[in-house]
Each structure stands twice: as C-alpha cells, then as structure tokens.
Amino acid sequence: MDLSIIIVSWNTKDLLAQCLRSVQEHIEAFKPGAARPRSNACPERRPRVETFVVDNASTDRSAAMVRRRFPSVHVLENHENRGFAAANNQAIRASTARYLLLLNSDTELQAGALEELFVFMEAHPGAAGCGARLLNPDGSLQPSCHPMLTPWREFWRLTFLDRVRRLATYDMSAWDSQVPRPVDVIKGACLMLRREALQQVGLLDERYFMYTEEMDLCYRLLEAGWRLYWVPQATVFHHGAASTRQMAQEMVIQLYRSKVQFHRKVGGDRRARLFKALL
C-alpha cells in the first residue's frame, strides 16, 4: 500500500459516515480508469489506499455502521476507550503503507485534498509530515498548525498578548493560501506522516490519553532533523470537538494535564512547575 488512512472514532456515527463518504470519493478517483483527480496535483501513478477505523468503545453502533455501509474499511473495535494516541498506534501497526493519514472522524476531505497531500509528500523527501488547511463548516479559517508550545508562549496566549504581537499562534489569515510553508506543529485532525520518519522517532506516545500527542510527535520529528509543512492547497472541513464536547469539562482538564505532561517530558520537573505556575 502507498497510503493508509486512519480514523479514530468515539460516538460520532453520523459525522464518521460523512467523513468516510469523502474518503471513499477520493479513493475512487485513484482507481484505474477513473477520471483525473479534481485538483491540480495529479500523482504520477495512482496510489494504493487502505482505510482503517478504530472504534474506541462507542455506544452508538458506529462500528456496525461502518461494516454495513463501508465494507472495504478495516474496522478495529476496542472494548474500552484506549485514548487517541493508543488507538492511532493500533492502526499504524496493522497498516502497511509508506504514508499514513491521521484523520479525525469529524472531518470531510474537500476536492483534491488527498491528492495534494500525497503529491507533496512524494515531492519532498525531507518532510516527515504535512497537514491541510482546516476550515470551519461555514468555510472560515480554522487554526491547523501552531508554534511549538513553551511555558511562556502559553502565558502569552492566555493573557491575550497575541493580539499585540504574534508569538503563541500563527497569523494564518495573512498566509498565502497557495504556498506551503514549514511549521512547528500540525494538528492531528488531518496529519499525513511518512512511515520512515515514524520508524526513526517512534509512534505516538501512548502515555497521552488525549491532546498534545501530536505536538509531542512533531517535537521529536523536528529534533531528529525532519521538517513539517502546512499545505493550504489541501482543504478539509473540520466540525471540531465532536467527541470531546460530550465530556467538555473533563476534556479541558485533560488538555492541561497533557500539556503539563509534555513540559515534564521535554524539560523535566522544573519546566513543568514553571508552566503550572504561569498557568
């Protein structure tokens, strides 16, 4: 296989069906005899694609829906919620492709998105990964990448000083929507990765139950000398927080628990204590 698409789902059956429909349309465009893909990016040869859905103990019969409506999709069904990192790793280990696309269940690939990301990775062997331009359902721009987190950047963001000078986030509205650019962190809602790079630095750290696991991975990739890119020609609608809003308060706590965990991992207890003090 050339590309393994991996979708982790928890009680998002209807959105998951929309996501899989958009994936299916892109895969159909890659099949022999199909019309030219709907973007300017056209692979030199049509890649072979497989799709995995990892269901983290949903109670809405998501797994049954996938088996019934999308029989070509590989379903990995967990009997407990293993978390985002562990579930993705589960499918990564079961997959065979050179590239992996981590895709949230509440996303929809827009015309040509898959082709754009795949062709970019083929053309840039130094890229460990790339991400799409994420859009809200109304078409407005959604943050899809950001600078690497530090204690002071988090303090800067939470005190609204980014309105004075951008340090904690990227001013993506000012970026050219036709020009890829290197970035520090790509959000895991849509993240294409090179298996070779993962074999060098390791998979997602399963000690993160949810949140920050993609930042941890991006940090390790950059430290190893790889590069990460935002590819705006690929657009993806992202409904956002479809799973986490089901437990909103607990997820906010989990978000900052994971951030503390990241700082402790990369900078030790001293950096973790500084982050907590500033927070």
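Restricting R98, R153 to those that are surrounded by fewer than 23 Cβ atoms within 10 Å (Cβ to Cβ) and more than 28 Å from Q261 (Cβ to Cβ) reduces the list to R98.
When every residue of segment 232-239 is checked against the conditions, at least one turns out to be modelled with pLDDT under 95, in a loop (DSSP other than H, G, I, E, B), surrounded by fewer than 22 Cβ atoms within 10 Å (Cβ to Cβ) and out of contact with any strand residue (DSSP E or B) (no Cβ under 7 Å at 6 or more places or on another chain). For segment 54-95, residues that are part of a helix (DSSP H, G or I) and surrounded by fewer than 18 Cβ atoms within 10 Å (Cβ to Cβ) total 6. Quick check on my filter: what residues within segment 151-191 are in contact with an Asp or Glu (Cβ under 7 Å, 6 or more places away or on another chain), under 21 Å from L278 (Cβ atoms) and in a loop (DSSP other than H, G, I, E, B)? Once the filter is applied, which keeps residues that are in contact with an Asp or Glu (Cβ under 7 Å, 6 or more places away or on another chain), under 21 Å from L278 (Cβ atoms) and in a loop (DSSP other than H, G, I, E, B), segment 151-191 yields A168, T169.
Selection within segment 184-209: residues that are under 14 Å from the mean Cα position of the chain (by Cα) and closer than 21 Å to R153 by Cβ. The member of this set that is most open to solvent (accessible area, probe 1.4 Å) is K187. There is at least one residue in segment 205-227 that is part of a strand (DSSP E or B) and either touching a residue at least 12 places away in the same chain (Cβ under 8 Å) or among the charged types (D, E, K, R) (or both).
Scanning segment 106-132 for residues that are surrounded by 24 or more Cβ atoms within 10 Å (Cβ to Cβ) and part of a strand (DSSP E or B) turns up T107, L109, A128, G129, C130, G131, A132. Restricted to segment 65-122, and to residues there that are of a type in the set (S, T, N, Q) and more than 27 Å from E196 (Cβ to Cβ), the residue that is farthest from the chain's Cα centre (by Cα) is N78.
For segment 140-150, give me the residue count where each residue is in a loop (DSSP other than H, G, I, E, B) and either without any contact (Cβ under 8 Å) to a residue 12 or more places away in the chain or open to solvent by 40 Å² or more (accessible area, probe 1.4 Å) (or both). Total satisfying the criteria: 3. Checking the structure you have, find out if any residue of segment 248-271 is under 19 Å from F118 (Cα atoms), touching a helix residue (DSSP H, G or I) at 6+ places or on another chain (Cβ under 9 Å) and among the hydroxyl-bearing types (S, T, Y). So far as segment 248-271 goes, no, none of its residues is under 19 Å from F118 (Cα atoms), touching a helix residue (DSSP H, G or I) at 6+ places or on another chain (Cβ under 9 Å) and among the hydroxyl-bearing types (S, T, Y).
The values are calculated or read from the model by the stated rules, or taken from the named source; none is laboratory data. Since we're looking at a predicted model, the values are computed, not measured. Cβ sites come from the backbone with ideal geometry, for glycine too, and all protein chains shown count toward neighbours. In case anyone asks, the SASA skips ligands and DNA or RNA and just uses the protein heavy atoms, side chains included. Shrake-Rupley method; radii C 1.70, N 1.55, O 1.52, S 1.80 Å.
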